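Peer 1: Just passing along the structure, written as structure tokens.
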Amino acid sequence: KLHDFGFRGVSSTESAAIGGAAHLVNFLGTDNMAALMFVKDHYHETITGFSIPASEHSTMTSWGREHEVDAMRNMLEKYPKGIVACVSDSYDIYQACEKYWGTELKAMIEARDGVLVVRPDSGELPGIVLDVLEKLEGKFGSSMTSTGHKLLPPCIRVIQGDGIDIKSLEMILVAMTEAGWAADNLAFGSGGALLQKLHRDTQKCAFKCSYAMINGKNVDVVKDPITDPGKKSKKGRLTLEDSGEKFPSGATKWTTVTEGKGDPAKDILVEVFRDGKLLIEDNFADIRKRANNERVELKKLAVPKGVGTVGDPFNNIVMLTDSYKVTHHLQYPPGTTKVYSYFECRGGEYKDVCFFGLQYFLKKYMVGPVVTMDKVKRAEEYFKIHFSHPVWGLNEKLFNRSSWEHIISKHGGKLPVEIKAVPEGTALTYKNVFFTMENTDDACFWLTNYLESLLVQIWYPTTVCTQSREQKKIITKYLKDTGTPDVVENGLHVFKLHDFGFRGVSSTESAAIGGAAHLVNFLGTDNMAALMFVKDHYHETITGFSIPASEHSTMTSWGREHEVDAMRNMLEKYPKGIVACVSDSYDIYQACEKYWGTELKAMIEARDGVLVVRPDSGELPGIVLDVLEKLEGKFGSSMTSTGHKLLPPCIRVIQGDGIDIKSLEMILVAMTEAGWAADNLAFGSGGALLQKLHRDPQKG
């Protein structure tokens with residue numbers, strides 16, 4: 001009842017695979033072939049998800065408005081039994097339901113051995129779903145469930161895939177229930193909201209140091225910032241134990257015992273990895289059972305596994321598509337020889353869109369003889385099970401094997417398509433075309449849109465690059481407006497927004513792609529994957545730079561009473577250059593005034609370089625202003641040409657917590673109004689820079 005439509009809407013193929021596999025823990029419906037490969041390769045399940053033949057707008061609109069009913073009839077003829085879905089809003093969803101499905105094709109639908117699933121793909125929710133149900137009921141009738149809710153006849157159902165997230169899904173079901181409709185009339189499809197509209201803060205995921213052994217002594221480590229009690233970390237060695245209580249669902253309520261006070265005999269944390277070897281290897285079936293609150297014991301490997309994943313299991317162009325596209329060769333009008341498609345941003349938050357990333361996708365997935373018989377055979381093995389049904393079996397015509405063999409025999413495995421694109425780095429106003437694609441072999445007309453799912457992922461680097469570019473404009477403006485235009489003239493403004501995003505993205509591939517997109521505009525990054533990406537795909541040896549910097553684990557491992565020693569150590573270990581130190585582990589104000597501003601002040605001022613103080617909690621923009629004021633009280637300030645205060649060159653501040661394009665500008669506005677020059681501050685951004693993005697902001 002919840003189908004994965006997410007492959008094209010994620011930030012990378014790797015993210016599609018990981019996220020799609022996570023969805024398959026709970027559901028069986030998917031068009032995400034990367035997820036199936038992922039589960040097979042890493043969780044030993046041959047097939048974990050299923051799909052059906054389905055149309056898309058290209059296969060329907062290629063018939064023309066006046067022949068839409070013929071396109072619909074073709075769907076019923078090409079797939080004479082089983083479940084088939086048809087997008088029906090290309091022109092007029094109401095006419096489609098009443099005139100075409102409900103009148104001209106009604107007898108075919110009712111006589112057919114299977115189910116037609118009507119898909120609206122536009123309209124306001126929940127209204128469009130109710131409208132479609134009512135139109136279909138008017139033509140096909142309905143029966144009543146035991147609860148008195150209306151149910152369409154078994155031959156016809158509806159799927160809603162546009163705008164579906166967890167909130168809209170429930171809203172629709174509530175509206176259906178209140179309007180007297182049974183939930184079984186409807187299935188859902190979800191794309192970006194299922195796999196992409198998530199970030200590290202969704203569940204506040206974090207990795208924190210809680211214990212260290214120093215000079216042979218056990219040290220319980222804790223972070224406890226006064227500026228945000230919610231960021232207090234757990235202390236000491238931990239165990240996870242049965243609390244003896246149950247949730248209403250009957251599931252066990254587990255509790256984490258801290259400070260080494262737990263009972264190791266009751267600890268359910270088990271050793272899964274040690275010294276380069278895998279000790280526990282789960283299968284997917286057991287994971288599904290646990291997610292369903294079933295108890296399944298872990299099985300230790302008889303022989304620990306010392307070899308990880310080899311090669312690139314996702315690099316099979318035959319499978320890098322939404323699986324319903326596998327069936328589309330049967331859906332175009334007879335005589336089709338050319339399909340020409342394009343990519344654009346149909347609108348969005350930013351009028352100017354900076355195009356980036358196509359070269360990577362071409363070089364990684366499409367250049368050279370990428371189609372081989374081995375890949376075709378492996379894809380066919382998946383599809384035979386993926387499209388099978390326990391009642392209606394498998395339609396052997398669904399997979400277009402002969403056409404893939406044609407690409408191998410005639411083109412040596414090279415993809416017969418032509419792509420024309422705007423040069424990467426070009427900024428165009430939205431609603432302009434960025435690239436076009438068409439087939440160069442008349443027999444491969446179906447290939448153009450088969451490749452859409454993969455290439456639409458270009459939305460991600462383009463959106464990251466666009467938003468990063470907009471932040472550069474904002475930073476540049478305030479540097480000039482507050483009296484430090486020399487920072488811009490000397491090119492130092494490109495170090496004012498640092499990429500902290502590696503840990504906060506959905507995959508390493510996404511970190512690389514998104515991080516590289518940011519480097520189009522800035523030079524500051526801690527994202528090593530991005531540097532490797534640019535070197536491998538854009539011929540640049542080094543495109544980003546960083547500095548020594550602390551994190552909470554390196555500071556809190558000294559203990560609260562020795563925080564100043566940890567800070568002194570930073571200055572001693574890095575005696576010159578720029579060094580950044582997180583300073584809110586306990587009390588950011590004490591750190592600024594007592595430690596940096598008093599005990600260590602002489603060292604900072606004598607040092608050949610810059611200390612960058614990093615608060616990492618507290619309300620914005622207040623915490624930034626507070627830190628600037630505390631530091632000014634100890635280090636003083638000078639005035640820029642516009643009358644804004646500037647800390648001495650030996651000390652600056654970086655704000656990396658909670659930074660997105662809106663908070664960045666909000667902070668700069670507040671600083672300006674409070675009389676502070678923008679050059680006092682640099683920014684770090686993680687999830688908001690690389691993860692809190694999806695296809696809809698620029699409508700890619």
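Every residue, every condition in (1) more than 22 Å from SER546 (Cα to Cα); (2) assigned to a strand (DSSP E or B); (3) charged (D, E, K, R); (4) within 40 Å of the chain's Cα centre (by Cα), yes or no:
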{"site": "TYR589", "(1), (2), (3), (4)": "yes, no, no, yes"}
{"site": "THR598", "(1), (2), (3), (4)": "yes, no, no, no"}
{"site": "MET603", "(1), (2), (3), (4)": "yes, no, no, no"}
{"site": "LEU611", "(1), (2), (3), (4)": "no, yes, no, yes"}
{"site": "ASP616", "(1), (2), (3), (4)": "no, no, yes, yes"}
{"site": "GLU619", "(1), (2), (3), (4)": "yes, no, yes, yes"}
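Peer 1: Considering each of GLU561, GLU540 in turn, give the residue that is free of Cβ contacts under 8 Å to residues at least 24 places away in the same chain and assigned to a helix (DSSP H, G or I).
Peer 2: Testing whether each residue is free of Cβ contacts under 8 Å to residues at least 24 places away in the same chain and assigned to a helix (DSSP H, G or I) leaves just GLU561.
Peer 1: Tell me the residue from MET33, MET37, MET72, MET108 that is in contact with a Pro (Cβ under 8 Å, 6 or more places away or on another chain) and either in contact (Cβ under 8 Å) with a residue 40 or more places away in the chain or within 21 Å of LEU330 (Cα to Cα) (or both), please.
Peer 2: MET37
Peer 1: Sticking with this one: Does GLY483 satisfy the condition of being assigned to a loop (DSSP other than H, G, I, E, B) and more than 30 Å from TRP404 (Cβ to Cβ)?
Peer 2: yes
Peer 1: Taking region 121-151 on its own, how many of its residues are polar (S, T, N, Q) and within 33 Å of the chain's Cα centre (by Cα)?
Peer 2: 1
Peer 1: Only one of (1) under 25 Å from ASP322 (Cβ atoms); (2) out of contact with any Phe, Trp or Tyr (no Cβ under 7 Å at 6 or more places or on another chain) fails for SER146. Which number is that?
Peer 2: (1)
Peer 1: Quickly run through region 332-342 and pick out the residues that are buried (at least 20 other Cβ atoms within 10 Å of the Cβ) and of a type outside the set (Phe, Trp, Tyr). Break it down into steps so the answer makes sense when it comes.
Peer 2: First, pick out the residues of region 332-342 that are buried (at least 20 other Cβ atoms within 10 Å of the Cβ): 332, 339.
Correct list: VAL339 only.
Peer 1: Next question. What residue, among those in region 513-528 that are open to solvent by 10 Å² or more (accessible area, probe 1.4 Å) and part of a helix (DSSP H, G or I), is farthest from CYS209 (Cα to Cα)?
Peer 2: The extreme case among them is LEU519.
Peer 1: For region 1-30, how many residues meet the condition of being open to solvent by 10 Å² or more (accessible area, probe 1.4 Å) and of a type outside the set (Gly, Ala, Ser)?
Peer 2: Counting residues in region 1-30 that are open to solvent by 10 Å² or more (accessible area, probe 1.4 Å) and of a type outside the set (Gly, Ala, Ser) gives 12.
Peer 1: A further question follows. Any residue in region 565-585 that is open to solvent by less than 60 Å² (accessible area, probe 1.4 Å), over 27 Å from SER663 (Cβ atoms) and of a type in the set (Asp, Glu)?
Peer 2: yes
Peer 1: Residue by residue through region 264-312, note down the ones that are part of a loop (DSSP other than H, G, I, E, B) and under 30 Å from TYR365 (Cβ atoms).
Peer 2: GLU281, ASP282, ASN283, VAL307, GLY308, THR309, VAL310, GLY311, ASP312
Peer 1: Residues in region 195-210: is at least one out of contact with any Ser or Thr (no Cβ under 8 Å at 6 or more places or on another chain), hydroxyl-bearing (Ser, Thr, Tyr) and either within 30 Å of LEU690 (Cβ to Cβ) or surrounded by 15 or more Cβ atoms within 10 Å (Cβ to Cβ) (or both)?
Peer 2: Looking for residues that are out of contact with any Ser or Thr (no Cβ under 8 Å at 6 or more places or on another chain), hydroxyl-bearing (Ser, Thr, Tyr) and either within 30 Å of LEU690 (Cβ to Cβ) or surrounded by 15 or more Cβ atoms within 10 Å (Cβ to Cβ) (or both), one finds at least one in region 195-210, hence yes.
The values are calculated or read from the model by the stated rules, or taken from the named source; none is laboratory data. Computed from a predicted model, the values in this text were never measured in an experiment. We place every Cβ from the backbone using ideal geometry, glycine too, and count neighbours over all the protein chains shown. All accessible areas refer to the heavy atoms of the entire protein, side chains included, with ligands and DNA or RNA removed. Shrake-Rupley method; radii C 1.70, N 1.55, O 1.52, S 1.80 Å.
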